[in-house]
Amino acid sequence: MRVIVVGAGVLGTMHAWQAVERGHEVVHIEREAEARGASVRNFGLVWVSGRAGGEELATALRARELWETIGERVPGLHFRANGSLTLVRSQEELAVAEQALKLPDAAERGYRLLGADEVRAANPALRGDFLGGLWCERDAAVEPRLAQPALRAELAASGRYTFLPGREVREVVGSSAVRDDHGQLHQGDLVILCTGAWLGGLVRELAPELPVRRVRLQMMQTDPLDEPLTTSVADGDSFRYYPAFAGPALEALKAARPQLPVAAEHKMQLLMVQREHGGLTIGDTHEYDQPFGFDVDEEPYEHLTAVAEELLGRPLPRIRRRWAGVYAQCTDTTRVVHREQLSDAVWLVTGPGGRGMTCSPAIAETTAQLANL
């Protein structure tokens, strides 16, 4: 079978991976010279800890298995099973962490509540003021700016993979062909569209009632920290963001300790992960109302810096770069992804939201099964 995959972000690349793994030929088309959207503007977190029980958690756990397996074959992903610590700084946050331990799937997530000294033993770079931390053993990380090129290099070694960058697909022709903006027709047996936050143009023509919205975020990266940050790190505001932590303890936290105005306005949490070169990727914010601004706001960065420094107990290294990104999210946020069969041989897969980096291997595996690859 010849499979045409449109979009070379992590979701499209994982669909190409699944097709090649099943013995098929893949033509992979990307409108940019290289993926430049949410797939490279993220933390590289394989984040299991806060996923909603049921389908979302099952997808994340399966994806975590696939990331580890693929990482063994593709060292350039820099997959590392580093786990995560969500640090708690108040009795109300501690109560949310204790509530999480009682979830029926807590063991699957690898939850364990650590005291402050245990946190510092697990991650000596954390020398700030906190009561303890919720450890999630199943969390992991990869390098988002390196992942897609590393995966493509492995795919190319199969001899059944062709990457065509700098070509925007303008038309689906017949049952299973696409035409790009060079006028070239690419004929296949199956077309999979993984167009990320590009929801206009051809996507709107094919799926005019797409139940997907765009979300904007801001993040930053520091110069190298002069010591290892041995785990990924979150603050207690992440309890407010991830569905696994919903419940009476979270409602009590919200009532007793409202977010600071800047954090509430920008719908913020702190996530922090160390890159292979030693720098820290730190974020993030959430903006849902379009049109989005074209600039970045400094106040959220000041807040993130202050929180990160409180947890580390030291000043951050110099901020090297700041950026904004946009990703596609299902309007029904309980859905893991929007997967739509547009015709017998054309599928559209989009809208994983902030789960994209985490869940893409499992999402692609499910598409492959549904499309009888």
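The values are calculated or read from the model by the stated rules, or taken from the named source; none is laboratory data. The structure presented is a predicted model; accordingly, all values stated were derived computationally and were not measured. Every residue, glycine among them, receives a Cβ derived from its backbone with ideal geometry; neighbour counts consider all protein chains shown. For the accessible areas, the whole protein counts, side chains as well, though only heavy atoms, and no ligand, DNA or RNA atoms are used. Shrake-Rupley method; radii C 1.70, N 1.55, O 1.52, S 1.80 Å.
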Inset, instruction - State the number of residues belonging to region 258-301 that are in a helix (DSSP H, G or I), out of contact with any helix residue (DSSP H, G or I) (no Cβ under 7 Å at 6 or more places or on another chain), more than 18 Å from V215 (Cβ to Cβ) and open to solvent by 10 Å² or more (accessible area, probe 1.4 Å). - result: 2
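Any idea which of R152, R138 is basic (K, R), outside any helix (DSSP H, G or I) and touching a Ser or Thr at 6+ places or on another chain (Cβ under 9 Å)? Outline the logic, then answer.
Working: R152 fails: outside any helix (DSSP H, G or I).
Of R152, R138, the one residue that is basic (K, R), outside any helix (DSSP H, G or I) and touching a Ser or Thr at 6+ places or on another chain (Cβ under 9 Å) is R138.
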Legend entry - Residues of region 18-36 satisfying the condition of being at pLDDT 95 or above and open to solvent by less than 60 Å² (accessible area, probe 1.4 Å): Q18, A19, V20, G23, H24, V26, V27, H28, I29, E30
Inset, instruction - Run down L304, L250 and say which single residue is crowded, with 18+ Cβ neighbours inside 10 Å, part of a helix (DSSP H, G or I), of a type in the set (A, V, I, L, M) and over 22 Å from the mean Cα position of the chain (by Cα). - result: L250
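Looking at region 60-105 only, could you name the residues that are over 23 Å from E21 (Cα atoms), assigned to a helix (DSSP H, G or I) and open to solvent by less than 10 Å² (accessible area, probe 1.4 Å)?
Pass one, region 60-105, residues over 23 Å from E21 (Cα atoms): 81-105.
Those still in the list that are assigned to a helix (DSSP H, G or I) too: 91-100.
V96, A97, A100 - these are the residues of region 60-105 that are over 23 Å from E21 (Cα atoms), assigned to a helix (DSSP H, G or I) and open to solvent by less than 10 Å² (accessible area, probe 1.4 Å).
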Legend entry - Selected residue (only one of R320, R335, R339 is in contact with an Asp or Glu (Cβ under 7 Å, 6 or more places away or on another chain) and open to solvent by 20 Å² or more (accessible area, probe 1.4 Å)): R320
Inset, instruction - Only residues that are over 28 Å from L271 (Cα atoms), touching a strand residue (DSSP E or B) at 6+ places or on another chain (Cβ under 8 Å) and not hydrophobic (A, V, I, L, M, F, W, C): list them for region 10-48, please. - result: H24, E25, H28, E30, R31
Inset, instruction - May I ask you to list pairs of residues, at least six apart or on different chains, whose Cβ atoms are under 7 Å apart, with the first in region 352-369 being farther than 13 Å from H15 by Cβ and the second being open to solvent by less than 10 Å² (accessible area, probe 1.4 Å) and part of a helix (DSSP H, G or I)? - result: M357/V10; M357/P144; T358/A60; T358/A63
